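First comes the structure, then the notes that go with it.
Computed from the coordinates by the stated procedures, all read-outs in this text should not be read as laboratory data. In this text, all values refer to a predicted model and were calculated from it rather than measured experimentally. Cβ placement follows ideal geometry from the backbone for every residue including glycine, while neighbour counts extend to all protein chains displayed.
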Amino acid sequence: MLCNNELKNTTMKNIYRFSLVCCMLVIAQLAYAQCAFNNTSYLTFDVSTYAEGGTWVSACTFAGEYNTLTNVQAGTVILISTCNELDYDTEITVFLSTATGASVAYNNDFCGPQSEISFTAPSTGDYYVQINQFPCDVNTTCTTVDYTLVSLPAAGGDCGATFTDSGGAGGFYQNNELETYTFCPSDPTTEVIEVGFTFFDIETNWDFLFAYDGNSAASPAIGTYTGVVSPGTLTSTDPSGCLTFVFDSDGSVTFPGWEAAVNCVPLPACGSTFVDSGGTAGDYGNNELTEWNFCPSDPTTELIQLDFTFFDLETGWDFMFIYDGSTSAAPLIGSFDGASPGIITSSDASGCLTVVFDSDGSVTNPGWEAN
């Protein structure tokens, strides 16, 4: 049994221990959390002017300031380091280039009290590199930030890039994002961008991904996506060959986001063969949602015609939708599952036909072949 004084002393010790543990937890959290965006601009560097192995320096950078890296291609790897400096304990945070932009990379104490990031750009655009004094503080003491362009993406515009949300393949996107991503081929006269989503999971009816057929959000809308209903595979029909995406997240709750492969595909040519994903000898897959756009090179003298020579889908469950125009917003010609579409000819001014295929989660069939 404890007397009043003993009880008081024991209680105070327990409170002290609890406070100490909480304090340690808060310090640990600060040590590993990214810094907030300070919105204090310093120097701007155009990354497109550097070759692989190129270096540049941001001299006399104050804590709380950021450098802007412009024209960064998706897949570019940039090394950012303060390891050669001893001016103050640094932290590095890389943000997407908006005032509300999510951080896409962070490091503290890679090399003693100094920091270093090998940063791979998840999308084409501009980035902010912010320096802070630990813990996420500002000052007016000079330090030097060293940059090295480690590698550039393979030639071919944005072809071969991986398109992910700001959290990358293993993380979650952030609240209050409003980001624009544009992907373009190197030669739109011979190829166009195709983006195939392999994973998609955003907050249903609160966070949205908008897709546009062109090089800006002013281009024709392809669709709006939320929840786990993937955009599937989208292909540009715009003369630029580009696709643009805008992601908008609200102020609470985040999800794993998305992952997609960005590829360049040849412009569909008259006389080519149109088959399902299984090819001429295999079945298509489950849970496919794919869009194809077929357009003539000169719609003033020619138009697209599809002649289906083979057609076998799961009746009542898997469907092909054909539209008279360059997008799935064009007038619907028909929905087909069991019976073949036969011969379909465009009557749109663009001369184009758009085909959307949607398969369910079970049972696959041989698909189709068309000229």
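Summary of computed values
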read-out	value
Filter pass, Pro220 being touching a Gly at 6+ places or on another chain (Cβ under 8 Å), surrounded by fewer than 17 Cβ atoms within 10 Å (Cβ to Cβ) and touching a residue at least 40 places away in the same chain (Cβ under 8 Å)	yes
Residues of region 55-78 that turn out to be in contact with a helix residue (DSSP H, G or I) (Cβ under 9 Å, 6 or more places away or on another chain), surrounded by fewer than 21 Cβ atoms within 10 Å (Cβ to Cβ) and either assigned to a loop (DSSP other than H, G, I, E, B) or of a type in the set (Asp, Glu) (or both), as a count	1
Neighbours by Cβ (under 9 Å, 6+ apart or cross-chain): first from region 307-322, surrounded by fewer than 16 Cβ atoms within 10 Å (Cβ to Cβ); second charged (D, E, K, R)	Thr309/Glu369; Phe310/Glu369; Thr315/Asp337; Gly316/Asp337; Trp317/Asp337; Trp317/Asp360
Unmet criterion (only one of (1) surrounded by fewer than 19 Cβ atoms within 10 Å (Cβ to Cβ); (2) assigned to a loop (DSSP other than H, G, I, E, B)) for Thr148	(2)
Residue list for region 192-213, restricted to those being part of a loop (DSSP other than H, G, I, E, B) and surrounded by fewer than 21 Cβ atoms within 10 Å (Cβ to Cβ)	Glu203, Thr204, Asn205, Trp206
Sole residue being in contact with a strand residue (DSSP E or B) (Cβ under 6 Å, 6 or more places away or on another chain), more than 26 Å from Gly361 (Cβ to Cβ) and in contact (Cβ under 8 Å) with a residue 12 or more places away in the chain, chosen from Ser240, Ser186, Ser230, Ser166	Ser166
Region 330-355, residues that are among the small types (Gly, Ala, Ser), more than 15 Å from Glu369 (Cα to Cα) and loosely packed, with under 14 Cβ neighbours inside 10 Å	Gly334, Ser335, Ser347, Ala349
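One line per residue, one yes/no per condition, for (1) among the aromatic types (Phe, Trp, Tyr); (2) crowded, with 18+ Cβ neighbours inside 10 Å; (3) in contact with a helix residue (DSSP H, G or I) (Cβ under 9 Å, 6 or more places away or on another chain); (4) assigned to a strand (DSSP E or B):
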residue	(1), (2), (3), (4)
Gly53	no, no, no, no
Tyr88	yes, yes, no, no
Phe95	yes, yes, no, yes
Ala105	no, yes, no, yes
Ser123	no, yes, no, no
